[in-house]
Amino acid sequence: MQRKRVNDIKATISEMFDLPKDIVLDLPKIIMVGGNQILVENHKGIIEYTPDRIRINSSIGVIRVLGANMMLKNIGQDDIMVTGTIKAIELLS
Amino acid sequence: MIFIRLWNYFVGYLVIRVKGLSLEKFINLTVSKGIYLWGMDRESYTSLKACISIKGFKKLRKIVRKLHCQIKIVEKRGLPFKTYKYKHRKMLIAGMLVFLVIIYGLSAFIWTVDLEGTEDVKPDLILSKLYESGVKPGAFKGKINTEQIENQLLITTPELSWASLEIRGSRAILRVKEAVEAPDFVKREGPANILAKKDGIIDSMIVLEGEAVVEIGQTVRKGQLLVSGIIEHPDTIGIRYVRAMGRVMARTWYEAQETARLDEVYRVRTGRTIEQKYFGLGKASLPYKKEEMTFKEYDLVSKKEGLVRIDTYYEVELKAWPDNLEEAKKYIEKSTEERLMQEIAKGTKVVDKKLKYDIIEGEQITGVLYLELIEDIGIQEDLTIQ
């Protein structure tokens, strides 16, 4: 309950001052370039990685990427870049 | 990102294969330790290929122990591994060093000397003086005191009014400005007449002192009195003697004659050339561009640029004049004009140019060039008064 209230305040403040929400609220930022590249910032680790299915953990739940011949181009502490043929992105919260 | 990649290339990185059951765990653990992974490819359920920096690889040991997975190095990439190959080839490194030393050593010498700004003074004259003072191809740069050489050059060559010696890399550039010759002092004492030094027709006159004796349009002979220094005017009392001064411009004519024998042959360049380039000094020069000589008759022009010598062979055809009368005429025009231009003072206006040819069929052609000019024909001559 307490947590939710703090988050609500944070959301209002970030709205008011036009601050990026992904930083203020620790939300994942998913950038997709065409059909063959996805960059996920602010992730919380990888749950599953196979060439046709990748599941990435985040603060709002699991991000599931379905595709074919997918590779992890970069993996850093904050960002993951996936390349390959991407067919679907699902948010499972 | 590209900087990280580049950095990794310079530092060197590894391609590893991880085998085990919980590979996602392996990824999460390495990432959470701050080890950067890239180019990851899942080969099968139990194996994974990824790139990792050398530093990161060393930190992997703990994770491996925890997760019981196997890690193998598949490939070593990057600059350090490439250079490692050459570690035992000492002569190669020695050669590189020798090369650097030679380049550095050779850059301490002057290789070319350039001269800029000469107009009337012959460049060879200045260059030979410069060579004497120590600035020449092959001279050591450290010994050259540019300021001193500039000063010395200016003292020894009165034709120059300014000189600047700059050493840029292995090139010495001398920029000069030629001195304008001081005009002769005009003699201002004693009465004098102005006489004609040439035949001509007076075109215009500006008389500053004295009394004009001739009129515009009048034909004058050489030695004729133009402006008199003796003024005898009914309004003035007695005779006044002055130093006549002024400019008397007149139309004058020059002619030059040239004969070309039509039964002789002459050389014409066909336009085809062969170039041969040599590198080195004197006899120790090596050709580095050589074409086969196929010309029977040729003119050879040799040019030197530092250590490079370029020989250019111009193919020449022998032709008789009758083949080309126009060529003969052109030749006559050129040679006569060149000769006349030497006689004429610089800056004189050429008003008219005429050429007359006289041809004896098959034997010779004679051409006469007439030039009509407008020039100052006046010359002062001192008067002696009885």
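Since every read-out is calculated from the coordinates, none of them should be taken as a lab result. Predicted model, so just to flag it, every value in this text is computed and none were measured. FYI the Cβ positions are ideal-geometry reconstructions off the backbone, even for glycines, and counts take in every protein chain you see.
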Using a 10 Å cut-off around each Cβ, can you sort A:81, B:341 from fewest to most neighbouring Cβ atoms?
B:341, A:81
Values of log10 I(q)/I(0), in the order q = 0.11, 0.16, 0.27 Å⁻¹, for the stretch B:74-153 under a Debye, Cα-only, solvent-free model:
-0.53, -0.73, -1.25
Set of the stretch B:365-384 residues, backbone N closer than 11 Å to the point 7 Å along the Cα-Cβ line of residue B:239
B:384
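Taking a quarter of the surface of the Cα convex hull of the stretch B:112-178, what do you get in nm²?
Numbers: hull surface 15.4 nm².
Hull-based average projected area comes out at 3.9 nm².
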Once you've got the GNM for chain B with C-alpha springs shorter than 10 Å, pick whichever of B:55, B:329, B:346 has the biggest mean-square fluctuation.
B:55
Across peptide B:35-47, what mean number of C-beta atoms from other chains lies inside 10 Å of a residue's C-beta?
4
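Work out the FRET efficiency for residue B:188 and residue B:112 from their Cβ-Cβ distance, taking R0 = 56 Å, and round it to the nearest 0.05. All intermediate terms of the calculation are to be shown ahead of the outcome.
Numbers: r = 51 Å, r/R0 = 0.91.
Efficiency at R0 = 56 Å is approximately 0.65.
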Of all lysine pairs in chain A that are eight or more residues apart or on different chains, those with Cα atoms under 28 Å apart total 16
Based on Cβ point charges of +1 for Lys and Arg and -1 for Asp and Glu, what charge dipole magnitude is obtained for the protein assembly as shown about its Cα centre, in debye rounded to the nearest 20?
6980
For chain B, what's the relative contact order in percent, using C-alpha pairs closer than 8 Å and at least 6 residues apart?
13
Can you list, bin by bin at 10 Å, the percent of alpha carbon pairs in the stretch B:266-319, starting at 0?
26, 45, 23, 6
Taking the Cα atoms of the stretch B:199-245, what is the range of coordinates along each of the three principal axes, in descending order and whole Å?
34, 17, 17
Any lysines with Cα under 23 Å of the residue B:141 Cα? List them, leaving off those in the same chain fewer than 8 positions away.
B:129, B:304
The stretch B:121-146 to the stretch A:22-93: how many Å between their Cα centroids?
72
Phi-derived 3J(HN,Hα) across the stretch B:70-81 with the Karplus relation (6.51, -1.76, 1.60, θ = phi - 60°), rounded Hz, x for Gly and Pro, is 9, 10, 10, 7, 8, 8, 10, 10, x, 5, x, 6
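Hey, what did chain A get for relative contact order, percent, Cα under 8 Å, at least 6 apart? Don't skip to the end; give the middle numbers.
On the way: 181 pairs, mean separation 20.4, N = 93.
Computed over chain A, the figure is 22 percent.
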Quick check on packing: order B:126-132, B:369-375 by the mean number of other C-beta atoms within 10 Å, highest mean leading.
B:369-375, B:126-132
When you have a sec, figure out the Kirkwood radius of chain A from all distinct Cα pair distances and drop it here in Å to one decimal?
14.0
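Return the average number of partner chain Cβ atoms within 10 angstrom of each residue Cβ along peptide B:18-24.
Details: counts 0, 0, 0, 0, 0, 4, 9.
Mean partner-chain Cβ count within 10 Å for B:18-24: 2.
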Apply 1/(1 + (r/R0)^6) to the Cβ-Cβ distance of residue B:92 and residue B:43, taking R0 = 30 Å, and write down the FRET efficiency to the nearest 0.05.
0.20
Along the positive direction of the dipole of the stretch B:266-319 (beta-carbon charges: Lys, Arg +1; Asp, Glu -1; about the Cα centre), which of B:294, B:276, B:307 reaches farthest?
B:307
How many partner chain Cβ atoms sit within 10 Å of a residue's Cβ in peptide A:39-51, on average, as a whole number?
3
Based on the Kirkwood radius over alpha-carbon pairs, what value in µm²/s does the Stokes-Einstein equation return for the translational diffusion coefficient of chain B at 10 °C and 1.306 mPa s?
50
Which of B:149, B:310, B:54 moves the most in a Gaussian network model of chain B with Cα springs under 10 Å?
B:54
Let's see if you can work this out: charge +1 on each Lys and Arg Cβ, -1 on each Asp and Glu Cβ, no other charges. What is the dipole magnitude of the stretch B:228-305 about its Cα centre, in debye to the nearest 20?
480
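Multiplying the sequence separation of residue B:232 and residue B:299 by 0.36 nm and subtracting their Cα-Cα distance, what value in nm do you get? Let's see the in-between values first.
Working: separation 67, 0.36 × 67 = 24.12 nm, distance 6.82 nm.
Going from the current span to full extension adds 17.3 nm.
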Give the shape of the stretch B:128-271 as rounded, prolate or oblate, defined through the alpha-carbon gyration tensor: a ≥ b ≥ c are the square roots of its eigenvalues, a/c under 1.5 means rounded, and otherwise the shape is prolate if a/b is larger than b/c and oblate if not.
oblate
Cα convex hull volume per residue for the stretch B:2-83 (Å³):
84
In degrees, nearest ten, helix A:2-17 long axis to first principal axis of chain A (Cα):
90
How large is the Kirkwood hydrodynamic radius of the protein assembly as shown, counting all unique pairs of alpha carbons, in Å?
34.5
Arrange A:43, B:233 by Cβ neighbour counts within 10 Å, fewest through most, would you?
B:233, A:43
